[in-house]
Amino acid sequence: MVPVKFLLAGARELEPLRQGSLSYLCSVYSVLNGIQLALYPITLKRVDQQAIYLAGIAHLAKKRRLRQAMDRGCTTAPGTTWRRR
């Protein structure tokens with residue numbers, strides 16, 4: 001467990017988005033949760049969360065990584081790595 005003095009203020013008050021809140025891509029949710037923590041105490045409206053989510057999806061699609069991200073989520077199969085293009 002992380003000592004309380006090292007927690008960001010928002011970590012005690014914000015409820016993290018979870019898979020299924022917007023879709024099934026854990027990597028995009030981790031980015032959204034990080035942005036929310038960084039902006040705290042400012043909170044993102046649902047429309048802003050969705051805009052960031054869609055930007056993440058568009059980025060994955062542009063890089064031709066959307067299907068791979070949807071198939072694997074945040075993890076890769078044992079013995080494989082993500083490669084940059």
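The values are calculated or read from the model by the stated rules, or taken from the named source; none is laboratory data. On a predicted model such as this, the values are computed, not experimentally measured, just so you know. Positions of Cβ are backbone-derived with ideal geometry, glycine not excepted, and every protein chain shown enters the neighbour counts.
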Task: Residue that is modelled with the highest pLDDT [pool: residues in region 61-75 that are part of a loop (DSSP other than H, G, I, E, B) and loosely packed, with under 12 Cβ neighbours inside 10 Å] - done: R64
Open item on the list: Here is a check on your reading of the model: is Q68 more than 26 Å from L8 (Cβ to Cβ) and polar (S, T, N, Q)?
Closed with: yes
Open item on the list: Just to be sure before I move on: is D48 modelled with pLDDT of 90 or more and among the acidic types (D, E) in the structure I sent?
Closed with: yes
